[in-house]
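The values are calculated or read from the model by the stated rules, or taken from the named source; none is laboratory data. Not measured: the values here are computed from a predicted model. Glycine also receives a Cβ, built like all others from the backbone with ideal geometry; neighbour counts cover every protein chain displayed.
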Amino acid sequence: MLEDRTLRTTRQRKIILEELRKVKYHPTADDLYLAVRRRLPRISLGTVYRNLDLLSRAGLIQKLEVGGTRKRFDGDTEGHCHRRCVACGKVEDVYLRGLDAVMRRAVKAMTDYEVVSYHVEFVGYCRDCRSKAKRTGGIR
Ligand SMILES: [Zn+2]
Ligand SMILES: [Zn+2]
């Protein structure tokens with residue numbers, strides 16, 4: 001019985017991780033719930049939340065503390081930055097190759113702080129929203 005449950009839990013966690021790593025749009029827990037439900041029709045939103053929490057505490061995924069009201073998740077735990085569009089809310093990756101090590105070294109040298117992780121979020125308007133604004137005469 002217990003073994004059944006452990007197996008089921010492990011499988012759920014594996015599928016949640018797979019679904020998160022498949023996408024690039026930094027989904028919320030609700031987005032992931034919808035995706036995971038296609039493969040596990042009986043899973044609950046609470047289970048998805050719980051597993052996301054567990055996976056992020058284990059360092060297997062990133063919980064993004066980006067602006068906006070809902071937490072987003074990232075299957076990519078390599079150091080990278082994010083950009084967020086204030087008009088449409090889209091969150092995308094920004095890879096500034098080489099800059100990561102420079103920033104860590106600079107912080108270490110200036111503040112004697114050993115950096116294990118950091119979050120950088122660039123906020124602005126994406127290309128889609130800018131071209132839409134051009135057509136309609138302003139960004140709302
Ligand atoms: Zn946008
Ligand atoms: Zn990311």
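Table: residues versus (1) loosely packed, with under 12 Cβ neighbours inside 10 Å; (2) away from ligand 2 (no atom under 13 Å from the Cβ); (3) under 20 Å from R21 (Cα atoms).
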| position | (1), (2), (3) |
| --- | --- |
| K90 | no, no, yes |
| D93 | no, no, yes |
| V102 | yes, yes, no |
| K108 | no, yes, no |
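For Q62, the conditions (1) within 16 Å of ligand 1 (Cβ to nearest atom); (2) within 15 Å of H26 (Cβ to Cβ); (3) surrounded by 14 or more Cβ atoms within 10 Å (Cβ to Cβ) all hold with the exception of (1). A residue that is at pLDDT below 90, of a type in the set (V, I, T), closer than 27 Å to R130 by Cα and within 14 Å of ligand 2 (Cβ to nearest atom) can be found somewhere in the stretch 65-74.
When R105 is tested against (1) of a type outside the set (G, A, S); (2) more than 16 Å from ligand 1 (Cβ to nearest atom); (3) in the same structural domain as Q12 (by TED's automatic domain parsing), just one condition goes unmet, and that condition is (3). Pairs are defined by a Cβ separation below 7 Å, a sequence spacing of at least 6 or placement on different chains, a first member in the stretch 97-126 that is hydrophobic (A, V, I, L, M, F, W, C), and a second member that is modelled with pLDDT under 85; the pairs so defined are V107/V115; V123/G67. Among the residues of the stretch 110-140, which ones are aliphatic (A, V, I, L, M) and either surrounded by fewer than 11 Cβ atoms within 10 Å (Cβ to Cβ) or more than 25 Å from V23 (Cα to Cα) (or both)? Correct list: M110, V115, V116, A133, I139.
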